[in-house]
Each structure stands twice: as C-alpha cells, then as structure tokens.
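Colleague: Structure below; questions to follow.
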Amino acid sequence: MFLLLIAGIGVVALLLVVFAPQIRKYAAGGVCLSKARLDGKTVLITGANTGIGKETAWDLAARGARVILACRDVEKGEEAAAEIRSNVSGAQVEVRELDLADTCSIRAFAQRFLREVNHLHVLINNAGVMMCPYMKTADGFEMQLGVNHLGHFLLTYLLIGLLKRSAPARIVVVSSLAHNFGWIRFHDLMSLGSYNSGLAYCQSKLANVLFTRELARRLEGSGVTVNSVHPGSVRSELVRHSTMMSLLFTIFSLFLKTAREGAQTSVYCAVAEELHSISGKHFSDCAPAFVAPQGRSEKTARRLWDISCELLGIEWD
C-alpha cells in the first residue's frame, strides 16, 4: 500500500513537470491587449508598493500616465517607485502616505491631494488586508471591513468631485472571488459577537462589489465609471496572516498567478477603450465575470451605503 502511494505521488509529480508550461499558461488567465496610451492622465493607486498594485502602477506608467502610489509604508513605496523609474524610461511616479486604517490619514491625504493635483482620471482602490487576526482600525472598525471597504469608501467620497471634473474618468475596485462566500452581517458588521477571519474577508470583498454597484448607479451621466475586479489567485504577501493559506499557496504555486498576471484585469478596466461607458460591472481575466446573488441586491447595496456613510460621519447623496 505504501509503495502504491509513493508510486502515485511520483506519477502526479511527473505529470506536473511534463505539463507545467500548459498549467502555467492556463493559470496566467486573461491578458490586457489594449495599447491605449495615458499621456497627460493622472492615476492614483492605493497599496501600490507591492504585488498587483505595483505591477498595475508599472504598466500604467509605461503608458505615459502620471502615477501616484498611495502607501502606508512610504519607504517601501519609494523603493517600488525607484524600481519602476529604473525600468520605464521617463516614468512619472510619485509616492504619498496613506493609511486606510485611519480616517484622519485618509482625510489628510485627500486634502493635500486636492490642493496639489489638478486632475484625476483613474482611481484604483487596490489596497487590502486578508484574513488577519481580529484587530481594529484607528476608528474602531474591524480591520478588514475598515480597510477594504470603509477606507476606500471615504477616499472615493473625498475625491469624487475631482474625478467628475476630470471626466471621462474611471474607478477600479479590487474585489475577489471570495465575495461569493460573503454576507453582509448587518446585525454584527464589526464582528463584535464572533470573528472568523475568512468570513470577515469575504464580507469585505462582497462590500466592494456592492459599493461598486451602488456607486455606478449614483454616477450615471457624470462621465465617471466604476467597475470591480477579481484579480485571480495571486502569489503575493496578502496571505501572510494565514498560515494555512500561506502553506496552500506554496504547495500549489504552479497554479497561481504572478503579480503581473494578477494586475491584468485592473489594467484592462483602467484603459480598455471598449469599457469607456461600462459601469457597475464585475470583471475577471479581462472579461465580464459572475456576481453572486447577494452581490446583485440593490436593497443590500443601498443599506450598506447608508450605514457606511453613518459610520464615517459623511453625507453622500
């Protein structure tokens, strides 16, 4: 029996080696084929010091855009910017401090941004945390909902006027396939009663999809579009808080996307000419993607919108 097990493992390993190129090609997913230039355009990307955020910034800088990296860790942001500049001739890349776990930081960032930047053509809400231990933001929000949803909600609210004045403009919200397994727990939004890091992550990613849907409805006719994306399963630092996920990602690394491959759908939604008037949709692998029923509920989207405004102390009609 033991010998059969060893033989089976050997056969599987051999098949993986033989078919590795085909597996990698399949895992890579869709590629943004658009050759659109962004000369004279300004792009803001949150969490762009690493992973798909950095690769998105790299691609858009190569298209001629002025790219602003909004990062909590400014030192890492500067390292990412320097790497992009050294590889992209004439790249216009800047770094600004932004902590999405602190509304004071978000407001300070937006105040300076609005004072110093005249146009904003693309906003990519990319930063996120995944399956972290129970923690609270500076304002007392559960960390994953606070950063992934509420932080970006406030940032978008503060910059929406500039986006409208810069129209045509686009907003890209990085969500996840995990939204399929999420539910908005209105009775315990901050997980005070019980906390499961995986379910909290799924809730925050569903919130991203619902935010996109409701924002698109409110932006109709403004010249600003908003779409959400699932980047795919990407080898990145995002799973660092989960030992199990880190182990699984290591074992099945052959089936995971690189950060550059994972950035393709964000880039696609930011530049593709055919999406100039498409809004409120969800994309994966540079193509329209399935949205779970709970992510298509207008009632839930509006309720979450109202509660988000209340939590953040803002009025956004």
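The values are calculated or read from the model by the stated rules, or taken from the named source; none is laboratory data. Note that this is a predicted model, so its numbers are computed, not measured. Positions of Cβ are backbone-derived with ideal geometry, glycine not excepted, and every protein chain shown enters the neighbour counts. Protein only, heavy atoms only, side chains kept; ligands, DNA and RNA dropped before computing areas. Shrake-Rupley method; radii C 1.70, N 1.55, O 1.52, S 1.80 Å.
Colleague: Look at segment 90-117 and say how many of its residues are assigned to a loop (DSSP other than H, G, I, E, B) and in contact (Cβ under 8 Å) with a residue 60 or more places away in the chain.
Modeller: Of the residues in segment 90-117, 1 are assigned to a loop (DSSP other than H, G, I, E, B) and in contact (Cβ under 8 Å) with a residue 60 or more places away in the chain.
Colleague: Give segment 262-277 a look and list any residue that's under 14 Å from VAL174 (Cα atoms) and not hydrophobic (A, V, I, L, M, F, W, C), or say none.
Modeller: Passing the criteria: GLY262, GLN264, THR265, SER266, TYR268.
Colleague: Please state which one of ALA91, ALA110 is under 20 Å from the mean Cα position of the chain (by Cα) and either surrounded by 18 or more Cβ atoms within 10 Å (Cβ to Cβ) or of a type in the set (A, V, I, L, M) (or both).
Modeller: Going through ALA91, ALA110 in turn, the sole match is ALA110.
Colleague: Return yes when LEU162 is open to solvent by less than 10 Å² (accessible area, probe 1.4 Å), more than 18 Å from TRP305 (Cβ to Cβ), in contact (Cβ under 8 Å) with a residue 24 or more places away in the chain and part of a loop (DSSP other than H, G, I, E, B) and no when it is not.
Modeller: no
Colleague: Another question, then. Take segment 200-253 and flag every residue that is at pLDDT 95 or above, surrounded by fewer than 18 Cβ atoms within 10 Å (Cβ to Cβ) and assigned to a helix (DSSP H, G or I).
Modeller: Selection gives ARG217, ARG218.
Colleague: I'd like the full set of residues that are assigned to a loop (DSSP other than H, G, I, E, B) and of a type in the set (Phe, Trp, Tyr), limited to segment 176-194.
Modeller: Correct list: TRP183 only.
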